[in-house]
Amino acid sequence: MAENENSIRFGIMGCAEIARKVSRAIHLAPNATLVAIASRSIHKAKQFAVQNKLSENVKLYGSYDELLDDPFVDAVYMPLPTSLHVKWAVRAAEKGKHVLLEKPTALDVKMFDEMLKACESKGVQFMDASMWYHHPRTAKMKEFLSNSDLFGRVKAIHSSSSYHGTPEFLENDIRVKPDLDALGALGDTGWYCIGAILWTMNQKLPTTVTALPTTIRNSAGVILSCSASMYWDEEQIVATFYCSFISHETMELAVCGSNGTFHVEDFIIPYDESSADFSFTSGAKFVDLHVGWNVKPQAVQWLLSYHRKL
């Protein structure tokens, strides 16, 4: 792979399934290069390199510390269990590496603050791996939300993120283990729902959050499915979300405004890698006798292109 002078040199710490997708994304990005992979064993790192057809120039390490000691690594991506984030994110910051951390970033605010403080003290970037914020469609959705004529003011928000885990997943995946990812579905799929709601509210925190009586846990107490409401007193806006490991695949965001509404069914991962859309309705009313509407939803679509490095 060619490497331009401004290319960010990434190392990946951990060979989780999601790391396969991120290594491909790094390869496709015109301003990033994958230079190292680390696992707890060199055998697993080699397996990852072969399975993902990585360049022979990518260095392979049998420990995370070896990767952090590599002076040619600018930033590290960590698809590690949440319980390990503090230890390794702080250590990466101390080594002067920028940190791209898989979600959920931490199990509580104290852990998050510890990582953020370490990154700030060393002048390195801390970022979570919520990719949908950076999609061009998301910028267009924000434009619609900000249009007072078409959309008006936010009145209500709903988001859902769910998938139906296999028996193997529900028994053995790290996301259902209290010692690895204790937040379960709330930390995994719920992360996106809450993030989408706060994105809609320009990151303003709600006045009240109420868990709804629908929480389902496994035998170890980890959340498999839950829902909640969020309320902003000053704006009188309500939001609800549903997240689950035991329901059909959903990735929805719907926002109702005073003059319009918008809806996207695949806000996290678009249905198609090369295109994305969302629908909106503005100024809708019922026609005479309520036998239909005066307008239909309008679709806004983008076609995307990717530039592979040679």
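The values are calculated or read from the model by the stated rules, or taken from the named source; none is laboratory data. What you are looking at is a predicted structure, and each value in this text was computed from that prediction instead of being measured. Note: ideal-geometry Cβ built from the backbone for every residue, glycine included; neighbour counts use all protein chains shown. The protein model used for the area step is the full one, side chains on, heavy atoms only, and it has no ligands, DNA or RNA in it. Shrake-Rupley method; radii C 1.70, N 1.55, O 1.52, S 1.80 Å.
Taking the range 1-92 on its own, what percent of its Cα-Cα pair distances exceed 21 Å?
Cα-Cα pairs in the range 1-92 separated by more than 21 Å: 23 percent.
Over the range 178-310, what is the percentage of antiparallel beta bridges among all DSSP beta bridges, to the nearest 5?
Around 95 percent of the beta bridges assigned by DSSP in the range 178-310 are antiparallel ones.
Helix 184-200 against the longest principal axis of the chain: what's the angle in degrees, Cα atoms only, rounded to the nearest 10?
Helix 184-200 sits at roughly 60 degrees to that axis.
Note down the Stokes-Einstein diffusion coefficient of the chain in µm²/s, whole number, using a Kirkwood radius over alpha carbon pairs, 10 °C, and 1.306 mPa s.
It diffuses with D of about 74 µm²/s by this estimate.
Indicate the gyration tensor shape class of the range 98-159 (rounded, prolate or oblate), computed on the Cα atoms with a ≥ b ≥ c the square roots of the eigenvalues: a/c under 1.5 is rounded; otherwise a/b larger than b/c is prolate and the rest oblate.
Verdict is prolate for the range 98-159.
Obtain the radius of gyration and the Kirkwood radius of the range 49-137 from its C-alpha atoms and give Rg over Rh.
1.00
Give me D for the range 229-310 in µm² s⁻¹, whole number, from Stokes-Einstein with Rh from the Kirkwood sum over alpha-carbon pairs, 37 °C and 0.692 mPa s.
206
Using a ≥ b ≥ c from the Cα gyration tensor of the range 88-219 (square roots of the eigenvalues), is it rounded, prolate or oblate, where a/c under 1.5 gives rounded and otherwise the larger of a/b and b/c decides, a/b for prolate?
Oblate is the answer for the range 88-219, as a/c is 1.5 or above yet b/c matches or exceeds a/b.
Using the Kirkwood radius over C-alpha pairs as Rh, can you work out the diffusion coefficient of the range 217-262 via Stokes-Einstein at 4 °C, viscosity 1.567 mPa s, in µm² per second?
D = 99 µm²/s.
For the range 129-198 and the range 248-310, what is the centre-to-centre distance using only Cα atoms, to the nearest Å?
Comparing the Cα centres of the range 129-198 and the range 248-310, I get a distance of 16 Å.
In straight Cα distance, which lysines are under 21 Å from LYS59, not counting same-chain residues fewer than 8 positions off?
LYS21, LYS44, LYS46, LYS95, LYS97, LYS309
For HIS158, HIS134, write out the residues from largest to smallest accessible area, computed with a 1.4 angstrom probe and no ligands counted.
HIS134, HIS158
Taking K and R as +1 and D and E as -1, what net charge do the other residues with C-beta under 12 Å from the C-beta of PHE126 add up to?
Neighbourhood net charge equals -1.
Can you tell me what the convex hull of the Cα atoms of the range 68-107 projects to on average, as an area in nm²?
Its average projected convex-hull area is 2.5 nm².
Separation between the SER279 and TYR231 pseudo-spin-labels, each 7 Å from Cα along Cα→Cβ, expressed in nm?
3.1
Calculate I(q)/I(0) for the range 13-59 by the Debye formula, one identical point scatterer on each C-alpha and no solvent, and give its log10 at q = 0.20 Å⁻¹ to two decimals.
Summing over Cα pairs of the range 13-59 leads to -0.59.
Per DSSP H run of n ≥ 4, the term is -39500 (n - 2.57); total these for the chain, divide by its residue number, and report the mean residue ellipticity at 222 nm rounded to 500 deg cm²/dmol.
Here the helix-only value at 222 nm equals -8000 deg cm²/dmol.
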